[in-house]
Amino acid sequence: MTAVVVVGGGPAGVHAVQCLLAHGLRPVWIDEAPRTGGQIYRRPPPSFHRPLKALYGFEAGKAVALQAAGDAAAKAADYRPETLAWDIAGGAVHIARSTPGRGGSEALAYDGLILATGAMDRVIPLPGWTLPGVFTLGGAQVALKAQGCAIGRRCILLGTGPLLYLLAYQYAKAGAGIAAVLDTAPSEARFRALPKLLAQPATLAKGLHYTVWLRARGIPLREGIHPIEILGQTSAEGIRFRDRTGTEHQIQGDAVALGFGLKPESQLADLAGCAFGFDEASRQFLPLTDGEGRARGAAAVYLAGDGAGIAGADAAELAGEQAALTLLADRGIPVSSSRRREIARRLARLGRFRQGLEAAFPFPAELARSLPDAAILCRCEAVTAGALRATVEKRAQEINRAKAFCRVGMGRCQGRLCAGAAAEILAAARGVELAAVGRLRGQPPVKPLPVALL
Ligand SMILES: Cc1cc2nc3c(=O)[nH]c(=O)nc-3n(C[C@H](O)[C@H](O)[C@H](O)COP(=O)(O)OP(=O)(O)OC[C@H]3O[C@@H](n4cnc5c(N)ncnc54)[C@H](O)[C@@H]3O)c2cc1C
């Protein structure tokens, strides 16, 4: 028996499932998380009570609406929380349940598949990044949202992108100490991006509010910096960086969170056979769609939300509905064409804002390219940047070949953390464009699995 399967319980997944249900289909709905909401509207455990306004800030109203929609859809669909989709092969999604006492694996044959798997932090390794006390920005936010704790008492937040400032604001509001917020993007980039950022004035205003609020409380914000190393012997103790004049500085702290924007969780799309293309603006390979949610290269597969390219939660809701409407139309089920046109119009507007963010917070490729030889690049396999550079002498032309030579990206995370920086380093060492070294091919399981589950 085949089914329509949706993977992901964030804004895109919720809206996809809601739309399928409204048109009479009952999909199987897979999500790793215990409850719907995804990253932005991630819920705390039931025993944990924090006012919604404190948890979600300006987005509290949207969080309530999305979570209520998710709860209602979960009752009507064949909803499988705490379930990992770990492979797609032979026309089936391979899943493993992690619910205590109800573990087990299963292959779900599909005749329609919507992947709404969201995103994760984009990481650039630095000397010292494997010390205890170093987190990603997203990880630091999960600690706050899902566990009500901060990563340290004097936190240094480092990287670039909207999450950097949002997290600083959320941490400071929750009472956590912030030693500094260090942005690799120069402030001029933001001014240049202004015309595109004005496509979403309310979102832009929120971003400005965060920085003004932080400055008013005396929290040091530095822009255009170049991080050199995370300091510490047995755990993170601070950071050394250069400012834009080249002067070196040190800041003491007991925890560091870093992140340089987001990257789509696209491994399942890869395993499903979707085509990928290189995106110059974000310097990464993205799964390709036809603009209506259909994946290129894989029949009956649809992509929605940040998993298909970072566009934010509002766009994810629309894209989830769009993918579901396209799936329904492809099966001959009547859908509203005016609604499809309206979604396309609104997504185009949000896309313009996204281009503005890309320009305002550019990915600091040079930081990855200049990672010292001795620094750990792939922490799962303890591969240094120098070991990767050495593969060029063995004629590694592209990243999968380099992986075979030095094991970069071969460990537990399958390169989800290091692959972007590894590609930059290999391209620089070979003196070629980034696109020329390709991307690491997805391998199952997409995330570690207990052997017992298989
Ligand atoms: C760590 C992090 C924190 C963020 N915080 C904010 C924020 O505070 N404010 C903001 O505006 N934006 C934030 N963003 C961006 C925002 O989350 C997204 O724009 C938005 O949530 C996208 O919605 P989505 O439905 O596409 O994906 P998500 O909300 O990420 O949902 C994806 C869902 O797919 C599930 N999933 C993924 N892979 C699998 C798998 N293999 N098997 C089973 N389930 C799977 C996940 O459990 C998740 O529930 C954050 C992003 C990240 C990565």
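The values are calculated or read from the model by the stated rules, or taken from the named source; none is laboratory data. What you see is a predicted model; the values in this text were computed from it and never measured. FYI the Cβ positions are ideal-geometry reconstructions off the backbone, even for glycines, and counts take in every protein chain you see. Surface areas here come from the heavy atoms of the whole protein model, side chains and all, with no ligands, DNA or RNA. Shrake-Rupley method; radii C 1.70, N 1.55, O 1.52, S 1.80 Å.
Select from region 169-206 the residues that are hydroxyl-bearing (Ser, Thr, Tyr), under 26 Å from ASP243 (Cβ atoms) and not in a loop (DSSP other than H, G, I, E, B) and list them in ascending order. Step through it out loud before you land on a result.
Residues of region 169-206 hydroxyl-bearing (Ser, Thr, Tyr): 169, 171, 184, 187, 203.
Within this subset, residues satisfying the condition of being under 26 Å from ASP243 (Cβ atoms) are 169, 171, 184, 187.
Residues satisfying the conditions are TYR169, TYR171, SER187.
Consider ARG215 against the criteria (1) assigned to a loop (DSSP other than H, G, I, E, B); (2) away from the ligand (no atom under 16 Å from the Cβ); (3) of a type outside the set (Phe, Trp, Tyr); (4) over 28 Å from ALA348 (Cβ atoms): it satisfies all of them except one. Which criterion is unmet?
(1)
Quick check on my filter: what residues within region 102-129 are within 16 Å of the ligand (Cβ to nearest atom), part of a strand (DSSP E or B), open to solvent by 30 Å² or more (accessible area, probe 1.4 Å) and not aliphatic (A, V, I, L, M)?
Hits for region 102-129 are SER105, GLU106, TYR110.
Taking GLY57 as the residue in question, decide whether it is modelled with pLDDT under 95, open to solvent by less than 40 Å² (accessible area, probe 1.4 Å) and part of a helix (DSSP H, G or I). Break it down stepwise before answering.
Working: modelled with pLDDT under 95: yes; open to solvent by less than 40 Å² (accessible area, probe 1.4 Å): yes; part of a helix (DSSP H, G or I): yes.
It is true that GLY57 is modelled with pLDDT under 95, open to solvent by less than 40 Å² (accessible area, probe 1.4 Å) and part of a helix (DSSP H, G or I).
Residues in region 300-308: is at least one within 11 Å of the ligand (Cβ to nearest atom), among the aliphatic types (A, V, I, L, M) and touching an Asp or Glu at 6+ places or on another chain (Cβ under 9 Å)?
Of the residues in region 300-308, the ones within 11 Å of the ligand (Cβ to nearest atom) are 303-308.
Filter again for among the aliphatic types (A, V, I, L, M), leaving 303-304, 308.
Narrowing further to those that are touching an Asp or Glu at 6+ places or on another chain (Cβ under 9 Å): 304.
Scanning region 300-308 turns up at least one residue that is within 11 Å of the ligand (Cβ to nearest atom), among the aliphatic types (A, V, I, L, M) and touching an Asp or Glu at 6+ places or on another chain (Cβ under 9 Å).
Taking region 166-178, which residues are open to solvent by less than 10 Å² (accessible area, probe 1.4 Å) and more than 16 Å from the chain's Cα centre (by Cα)? It would help to see each step written out before you state the result.
Looking only at region 166-178, we keep the residues that are open to solvent by less than 10 Å² (accessible area, probe 1.4 Å), and these are 167-168, 171.
ALA168, TYR171 - these are the residues of region 166-178 that are open to solvent by less than 10 Å² (accessible area, probe 1.4 Å) and more than 16 Å from the chain's Cα centre (by Cα).
Just checking, does region 260-273 include any residue being in a strand (DSSP E or B), in contact with a Phe, Trp or Tyr (Cβ under 9 Å, 6 or more places away or on another chain), within 16 Å of the ligand (Cβ to nearest atom) and in contact (Cβ under 8 Å) with a residue 60 or more places away in the chain?
From region 260-273, those in a strand (DSSP E or B) are 260, 262-264; that's our starting set.
Subset that is in contact with a Phe, Trp or Tyr (Cβ under 9 Å, 6 or more places away or on another chain): 260.
From what's left, within 16 Å of the ligand (Cβ to nearest atom): 260.
Narrowing the set further to residues that are in contact (Cβ under 8 Å) with a residue 60 or more places away in the chain leaves 260.
Among the residues of region 260-273, at least one is in a strand (DSSP E or B), in contact with a Phe, Trp or Tyr (Cβ under 9 Å, 6 or more places away or on another chain), within 16 Å of the ligand (Cβ to nearest atom) and in contact (Cβ under 8 Å) with a residue 60 or more places away in the chain, which makes the answer yes.
Scan ARG50, ARG35, ARG42 and give me the residue that is crowded, with 16+ Cβ neighbours inside 10 Å, more than 8 Å from the ligand (Cβ to nearest atom) and charged (D, E, K, R). So that I can check it myself, show each step before the final result.
On the way: ARG50 fails: crowded, with 16+ Cβ neighbours inside 10 Å; ARG42 fails: more than 8 Å from the ligand (Cβ to nearest atom).
Only one candidate passes the filter, namely ARG35.
All but one of (1) open to solvent by less than 20 Å² (accessible area, probe 1.4 Å); (2) within 13 Å of the ligand (Cβ to nearest atom); (3) over 20 Å from ALA92 (Cβ atoms) hold for PRO287; state the number of the condition that does not hold.
Among (1) open to solvent by less than 20 Å² (accessible area, probe 1.4 Å); (2) within 13 Å of the ligand (Cβ to nearest atom); (3) over 20 Å from ALA92 (Cβ atoms), the lone unmet condition for PRO287 is (3).
Quickly run through region 384-415 and pick out the residues that are assigned to a loop (DSSP other than H, G, I, E, B) and more than 18 Å from PRO444 (Cα to Cα).
At the first step, the residues of region 384-415 found to be assigned to a loop (DSSP other than H, G, I, E, B) are 391-398, 407-415.
Matches in region 384-415: THR391, VAL392, GLU393, LYS394, ARG395, ALA396, GLN397, GLU398.
Restricting attention to region 419-431, does a residue exist that is crowded, with 16+ Cβ neighbours inside 10 Å and not in a helix (DSSP H, G or I)?
no
What residue, of ILE343, ILE310, is in a loop (DSSP other than H, G, I, E, B), open to solvent by less than 40 Å² (accessible area, probe 1.4 Å) and among the aliphatic types (A, V, I, L, M)?
Details: ILE343 fails: in a loop (DSSP other than H, G, I, E, B).
Just one listed residue meets the conditions, ILE310.
Only one of (1) within 14 Å of the ligand (Cβ to nearest atom); (2) surrounded by fewer than 23 Cβ atoms within 10 Å (Cβ to Cβ); (3) of a type outside the set (Phe, Trp, Tyr); (4) under 19 Å from THR36 (Cα atoms) fails for GLY148. Which number is that?
(1)
Here is a list: ALA77, ALA96. Which entry is under 29 Å from ALA298 (Cα atoms), within 11 Å of the ligand (Cβ to nearest atom) and among the aliphatic types (A, V, I, L, M)? Spell out how you get there, then give the answer.
Working: ALA77 fails: within 11 Å of the ligand (Cβ to nearest atom).
Unique residue meeting the criteria: ALA96.
So which residues in region 3-27 are more than 12 Å from the ligand (Cβ to nearest atom) and modelled with pLDDT of 95 or more?
So the first thing to find is which residues in region 3-27 are more than 12 Å from the ligand (Cβ to nearest atom), and the list is 3-4, 18-27.
Hits for region 3-27 are VAL4, GLN18, CYS19, LEU20, LEU21, ALA22, HIS23, GLY24, LEU25, ARG26, PRO27.
Looking at ARG190, ARG153, which one is at pLDDT 95 or above, surrounded by fewer than 22 Cβ atoms within 10 Å (Cβ to Cβ) and more than 11 Å from the ligand (Cβ to nearest atom)? Give the derivation first.
Numbers: ARG190 fails: at pLDDT 95 or above.
Going through ARG190, ARG153 in turn, just one is at pLDDT 95 or above, surrounded by fewer than 22 Cβ atoms within 10 Å (Cβ to Cβ) and more than 11 Å from the ligand (Cβ to nearest atom): ARG153.
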